[in-house]
1. Quick one: Gly103 ticks every box in (1) crowded, with 22+ Cβ neighbours inside 10 Å; (2) on the phi < 0 side of the Ramachandran plot bar one, so which box is it?
2. Looking at Ser28, Ser51 in this structure, which one is open to solvent by 20 Å² or more (accessible area, probe 1.4 Å) and over 26 Å from Phe113 (Cβ atoms)?
3. Are there any pairs with C-beta distances below 6 angstrom linking a residue in the range 65-83 that is more than 16 Å from Gly144 (Cβ to Cβ) to a residue that is open to solvent by 30 Å² or more (accessible area, probe 1.4 Å) and within 6 Å of the ligand (Cβ to nearest atom), with the two at least 6 apart or on different chains, and if so which?
4. Only one of Ile129, Ile59 is touching a Cys at 6+ places or on another chain (Cβ under 9 Å), more than 16 Å from the ligand (Cβ to nearest atom) and open to solvent by less than 10 Å² (accessible area, probe 1.4 Å); which?
5. Being within 23 Å of Lys50 (Cα to Cα), more than 19 Å from the chain's Cα centre (by Cα) and of a type outside the set (Ser, Thr, Tyr) is the filter here; which residues of the range 213-265 pass it?
6. Do we have any residue at all in the range 34-46 that's open to solvent by 50 Å² or more (accessible area, probe 1.4 Å), under 27 Å from Asn203 (Cα atoms), not basic (Lys, Arg) and not in a strand (DSSP E or B)?
7. Is the range 158-172 home to any residue that is farther than 30 Å from Ser215 by Cβ, open to solvent by 60 Å² or more (accessible area, probe 1.4 Å), away from the ligand (no atom under 15 Å from the Cβ) and not aromatic (Phe, Trp, Tyr)?
Amino acid sequence: MKNYNMSFQNLLTENKGRIAYIVINRESKLNALNKATLAELHTALTDAFKSPEVGGIIITVAGQKAFVAGADISEFAGGDAAAGGELARQGQALVFDLIENAGKPVIAAINGFALGGGLELAMACHIRIASDNAKMGLPEVTLGLIPGYGGTQRLPRLVGKGKALEMIMTADMITAGEAARYGLINHMVTMEELLPKAEEIMNKILLRAPLAIASAIRAVNAGQKDGVNGFEVEMEEFARCFNTKDLKEGVTAFSEKRKPGFKGE
Ligand code: COA
């Protein structure tokens, strides 16, 4: 992996074609998310979302043992409620909500342990692919905590309330096979197939109309927000697509029996 941004201490980044790879590189701590790593993730994500050359982002990690073994537990010691609240609020705004609400697709390629904040990071992504050695869980109650980066909200949406509460209250890890059965991940593959599978899915998405992809993310997310009528948002986003040149191109290409060339306009 080439590192295009040498100012990062905990990340490697590389663009391959229109895909930006963000690789968490803190292997000695099983890629645990300390404040510095979260701040760098915010910068790398923001850069990728802004860059016209980037169509989508794949988040993965260095090493094969762990995707991310959680928030960095060493930063929890000695904090009070105000500090805890700030940690959760900052992290959610800077990274987790930023990913979920992005206008470009973000795929998590999960190998090894995805625990606590690691699973929360994966759940904030739009699509999750895991290798068959992956283990996932929200073990925060073993520390006297609950998930604070969106885990209590995103896990029930993906696997249902009953299974989510079982995972959160027992703190048990589940295998990649179980995660696939529960709908927590989209695909389980071998370690060798992990990045190729993520790229295959991303490359397919990158053939589609980018503004329509952004509209689809906004419409799907809207249905999961309290007080927001997702059907209304879908109609608004559907209408918004009519203002795009890409819609004209898509419909014209269909009638001319050729592949569309979308420009994101
Ligand atoms: N925060 C900070 N450091 C972490 C960490 C975390 N969440 N998870 C692992 N590490 C560190 C360990 O402290 C250790 O560092 P050291 O070598 O300086 O002592 C290093 O990563 C390797 O981890 P280790 O525990 O020795 O590996 P293991 O193979 O014995 O166990 C796990 C792997 C994932 C089961 C274990 O590391 C673990 O339970 N981690 C915490 C998971 C968790 O509770 N996450 C939720 C946090 S909210």
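The values are calculated or read from the model by the stated rules, or taken from the named source; none is laboratory data. From a predicted model like this one, the values you see are computed outputs, not experimental measurements. Using ideal geometry, Cβ is built from the backbone for each residue, glycine included, and neighbour counts are taken over all protein chains shown. All accessible areas refer to the heavy atoms of the entire protein, side chains included, with ligands and DNA or RNA removed. Shrake-Rupley method; radii C 1.70, N 1.55, O 1.52, S 1.80 Å.
1. Only one criterion in (1) crowded, with 22+ Cβ neighbours inside 10 Å; (2) on the phi < 0 side of the Ramachandran plot is unmet by Gly103, namely (1).
2. On the way: Ser28 fails: over 26 Å from Phe113 (Cβ atoms).
It is Ser51.
3. Going by the 6 Å Cβ cut-off, the qualifying pairs are Ala66/Leu30; Ala66/Phe113; Ala69/Leu30; Ala69/Phe113.
4. Working: Ile129 fails: touching a Cys at 6+ places or on another chain (Cβ under 9 Å).
So the residue among Ile129, Ile59 that is touching a Cys at 6+ places or on another chain (Cβ under 9 Å), more than 16 Å from the ligand (Cβ to nearest atom) and open to solvent by less than 10 Å² (accessible area, probe 1.4 Å) is Ile59.
5. Just the residues of the range 213-265 that are within 23 Å of Lys50 (Cα to Cα), to begin with: 213-222, 237, 240-241, 243-247, 261-265.
Filter again for more than 19 Å from the chain's Cα centre (by Cα), leaving 237, 240-241, 243-247, 261-265.
Once the filter is applied, which keeps residues that are within 23 Å of Lys50 (Cα to Cα), more than 19 Å from the chain's Cα centre (by Cα) and of a type outside the set (Ser, Thr, Tyr), the range 213-265 yields Glu237, Arg240, Cys241, Asn243, Lys245, Asp246, Leu247, Gly261, Phe262, Lys263, Gly264, Glu265.
6. yes
7. We begin by selecting, within the range 158-172, every residue farther than 30 Å from Ser215 by Cβ; these are 162-163, 165-172.
Okay, now just the ones that are also open to solvent by 60 Å² or more (accessible area, probe 1.4 Å), so 165-166, 169-170, 172.
Add one more test, that the residue is away from the ligand (no atom under 15 Å from the Cβ), and what stays is 165-166.
Add one more test, that the residue is not aromatic (Phe, Trp, Tyr), and what stays is 165-166.
Within the range 158-172, one or more residues are farther than 30 Å from Ser215 by Cβ, open to solvent by 60 Å² or more (accessible area, probe 1.4 Å), away from the ligand (no atom under 15 Å from the Cβ) and not aromatic (Phe, Trp, Tyr).
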